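The values are calculated or read from the model by the stated rules, or taken from the named source; none is laboratory data. The shown structure was predicted, so the numbers you read here are calculated from the model rather than taken from an experiment. Cβ coordinates were reconstructed from backbone atoms using ideal geometry, including for glycine residues, and neighbour counts include every protein chain displayed. What goes into the accessible areas is simple: the full protein's heavy atoms, side chains included, and nothing from ligands, DNA or RNA. Shrake-Rupley method; radii C 1.70, N 1.55, O 1.52, S 1.80 Å.
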Amino acid sequence: MEPPNNAIKFTPTGGQVQVLLERDNSRIEVSVIDTGEGIAPEFLPYVFDRFQQGDASTTRRHGGLGLGLAIVKQLVELHGGSVRVKSSGLGKGTTFTVHLPLIAVHSEPDKELRHSRKTPRENQPMPDVSLANVHVLVVDDEVDARELVKRLLEMAGATVSTAGSASQAIERILAARPDVLICDLGMPAQDGFSLIRRLRVLEERQESALPAVALTAYARPEDRVKALRCGFQNHLAKPVKPAELLAVVSTLAGRRVTTPPDAG
């Protein structure tokens, strides 16, 4: 569950994290209490909103997309429960409390939700792409995000290297220049904007620039414009569609892409 993970992540060494379980008649209450960084009062109403983070800068110390708590809230409510958060302010710790019924309550999704569901991924046409002999460097401070992209590219035949930071990425590029760079924008210390600027400076005396695509949760129009101005050739928003990512990488690598006709 996300609250315990957050409690550990945002509580410094020497702090405390408590998990309490209580029963109140037909309901149970789970509380996660920490003495960590706390939450600013003005941010409390938005804690469970998607893509919301107390520190939204691209160089924040703690990674993540701002989706975990939104997912927790949705899952708890689907089980007929509720979740709330309390904090006295920055530096004063946080308490997350989940209320759940002992007998799960299942509600039928409304008609609008049922009709809005997308076509299953297995029915979506995938591009006929071969990335054989294409070396791609994937840069992201989130291990799961790196591995997901790596696995997808390798399924198309690419050779994939990974890096968890901007400095590590530069080392990888200097050691063995890839054919395409895929880079997150929000990373601690140095963000993706800093990385691409530094890379373009290093390439000033070279005949060609390394093709690069920003793969990020920073998906506003202004983020896209900034990424392109800093030196990226493309900008993709997380969560990315596999077909879109493969098509972009193939194009940047100078490969031909064909998409099978829709069987439906």
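Just a few scattered comments:
- Lone unmet requirement of (1) modelled with pLDDT of 85 or more; (2) in a loop (DSSP other than H, G, I, E, B); (3) touching a helix residue (DSSP H, G or I) at 6+ places or on another chain (Cβ under 6 Å) for Arg50: (1)
- Among residues of segment 178-192 being in contact with a Gly (Cβ under 9 Å, 6 or more places away or on another chain) and under 25 Å from Leu246 (Cβ atoms), the one that is surrounded by the fewest Cβ atoms within 10 Å (Cβ to Cβ) is Asp179.
- The residue that is farthest from Leu245 (Cα to Cα), counting only those in segment 136-167 that are assigned to a helix (DSSP H, G or I) and aliphatic (A, V, I, L, M), is Ala166.
- Close pairs (8 angstrom Cβ cut-off, 6 or more residues apart or separate chains): at pLDDT 75 or above in segment 1-27, open to solvent by 80 Å² or more (accessible area, probe 1.4 Å) and assigned to a helix (DSSP H, G or I) anywhere: Val17/Ile8
- Leu44 vs. criteria open to solvent by 50 Å² or more (accessible area, probe 1.4 Å), of a type outside the set (Phe, Trp, Tyr) and either more than 28 Å from Asp140 (Cβ to Cβ) or at pLDDT below 85 (or both): no
Every residue, every condition in (1) surrounded by fewer than 17 Cβ atoms within 10 Å (Cβ to Cβ); (2) of a type outside the set (Ser, Thr, Tyr); (3) in contact with a Ser or Thr (Cβ under 8 Å, 6 or more places away or on another chain), yes or no:
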{"residue": "Arg151", "(1), (2), (3)": "yes, yes, no"}
{"residue": "Ile170", "(1), (2), (3)": "no, yes, no"}
{"residue": "Ala176", "(1), (2), (3)": "yes, yes, yes"}
{"residue": "Val201", "(1), (2), (3)": "yes, yes, no"}
{"residue": "Gln206", "(1), (2), (3)": "yes, yes, no"}
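- Looking only at segment 123-147, and only at residues there that are buried (at least 18 other Cβ atoms within 10 Å of the Cβ), hydrophobic (A, V, I, L, M, F, W, C) and over 18 Å from Arg177 (Cβ atoms), the one that is modelled with the lowest pLDDT: Val129
- Residue list for segment 208-227, filter: β-branched (Val, Ile, Thr) and open to solvent by 10 Å² or more (accessible area, probe 1.4 Å): Val225
Condition check ((1) of a type outside the set (S, T, N, Q); (2) within 21 Å of Val249 (Cα to Cα); (3) more than 16 Å from the chain's Cα centre (by Cα)) across all residues:
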site: Leu153; (1), (2), (3): yes, yes, yes
site: Ala163; (1), (2), (3): yes, yes, no
site: Ala169; (1), (2), (3): yes, yes, yes
site: Leu174; (1), (2), (3): yes, yes, yes
site: Cys183; (1), (2), (3): yes, yes, no
site: Arg198; (1), (2), (3): yes, no, yes
site: Arg205; (1), (2), (3): yes, no, yes
site: Ala212; (1), (2), (3): yes, yes, yes
site: Ala217; (1), (2), (3): yes, yes, no
